[in-house]
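What follows is a single structure, written as structure tokens, with notes after it.
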Amino acid sequence: VVTAAATAVGGYAVKIGTDFQQSSNSIAASVGLSKEQMGGFKDIMKDIYADNYGESFQDIADSISTVAQSAKTLDPSEIKGLTVNAMALKDTFGYDIQESMRAVNMLTEQFGMSGKEAFNLISQGAQQGLDKNGDLLDSINEYSVHFNQIGISAESMFNMLLNGTASGTFSVDKLGDAVKEFGIRVKDGTGDEAFKTLGLSVDA
């Protein structure tokens, strides 16, 4: 019995090792990593696996590859953090990792925040019901630039979306579009009369 058990354990260990190596190879091929770079990425995969993320080494490898292809860095520690956050959003809200990374990249580019901060905003927004119509990530991608152009921060953008949905607006896309239209009318002067009617200074 002991011999049979030992043989079974040995076979399982060999399978784990084979799966790990195959998954490592898939990362190297899909991201274009050198042998030296791959050392850090193997450590990422081991750490994420040990933390019980993903269904298998290959699942983790696919996630790492998607993040690395989208991120503007190949630093292992940063890739690990982004991957863990992306996988957490996938597990919790069903978000596609590539779509999550698109939204995160938009937030970091427009508002100068870190990837971790961007993931936190998305997660908090989803927890508070901003994605009830499934358009939160698309709205982030489409309207972040318009909020930024009129001086609204990322945190204020999410608060405005939250206030709008709490007031009964059907979707965050409608709210983002309203800010976009507002920005257009501020910049082209077609909103000047409305400001005056409200008793506001157009110049200010």
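Before moving on, here are some points about what is shown:
- Residue within segment 114-124 that is in contact with a Lys or Arg (Cβ under 7 Å, 6 or more places away or on another chain), open to solvent by 40 Å² or more (accessible area, probe 1.4 Å) and not acidic (Asp, Glu) present: no
- Evaluated against (1) open to solvent by 30 Å² or more (accessible area, probe 1.4 Å); (2) closer than 22 Å to residue 52 by Cβ, residue 74 falls short on exactly one condition, (2).
- Only residues that are aliphatic (A, V, I, L, M) and open to solvent by 60 Å² or more (accessible area, probe 1.4 Å) were counted across segment 139-177, and they come to 2.
- Residue that is farthest from residue 67 (Cα to Cα), among those in segment 23-39 that are open to solvent by 20 Å² or more (accessible area, probe 1.4 Å) and in contact (Cβ under 8 Å) with a residue 12 or more places away in the chain: 37
- Flag if residue 63 is modelled with pLDDT of 95 or more, open to solvent by less than 10 Å² (accessible area, probe 1.4 Å) and among the hydroxyl-bearing types (Ser, Thr, Tyr): yes
- Residue in segment 96-107 that is hydroxyl-bearing (Ser, Thr, Tyr) and either out of contact with any Lys or Arg (no Cβ under 9 Å at 6 or more places or on another chain) or open to solvent by 30 Å² or more (accessible area, probe 1.4 Å) (or both) present: no
- The residue that is modelled with the highest pLDDT, among those in segment 1-22 that are open to solvent by 90 Å² or more (accessible area, probe 1.4 Å) and in a helix (DSSP H, G or I), is 22.
- Any chance residue 77 is without any contact (Cβ under 8 Å) to a residue 24 or more places away in the chain and either over 22 Å from residue 164 (Cα atoms) or not in a helix (DSSP H, G or I) (or both): yes
- Filter result for residue 64 (closer than 25 Å to residue 32 by Cα and assigned to a helix (DSSP H, G or I)): yes
- Filtered residues of segment 49-61 (kept if in a helix (DSSP H, G or I) and under 13 Å from residue 23 (Cα atoms)): 49, 57, 58, 59, 60, 61
- Residue within segment 179-189 that is buried (at least 16 other Cβ atoms within 10 Å of the Cβ), in contact (Cβ under 8 Å) with a residue 12 or more places away in the chain and in contact with a Leu (Cβ under 6 Å, 6 or more places away or on another chain) present: no
- Of note, residue 195 does not satisfy the criterion of being among the aromatic types (Phe, Trp, Tyr) and open to solvent by 90 Å² or more (accessible area, probe 1.4 Å).
- Search result, residues across segment 40-55 that are open to solvent by less than 70 Å² (accessible area, probe 1.4 Å) and on the phi > 0 side of the Ramachandran plot: 54
The values are calculated or read from the model by the stated rules, or taken from the named source; none is laboratory data. Remember, it's a predicted structure, so these values are computed and weren't measured experimentally. Counting neighbours? That spans all protein chains shown, and the Cβs are built from the backbone with ideal geometry, glycine included. Accessible surface areas use protein heavy atoms only, side chains included; no ligands, DNA or RNA. Shrake-Rupley method; radii C 1.70, N 1.55, O 1.52, S 1.80 Å.
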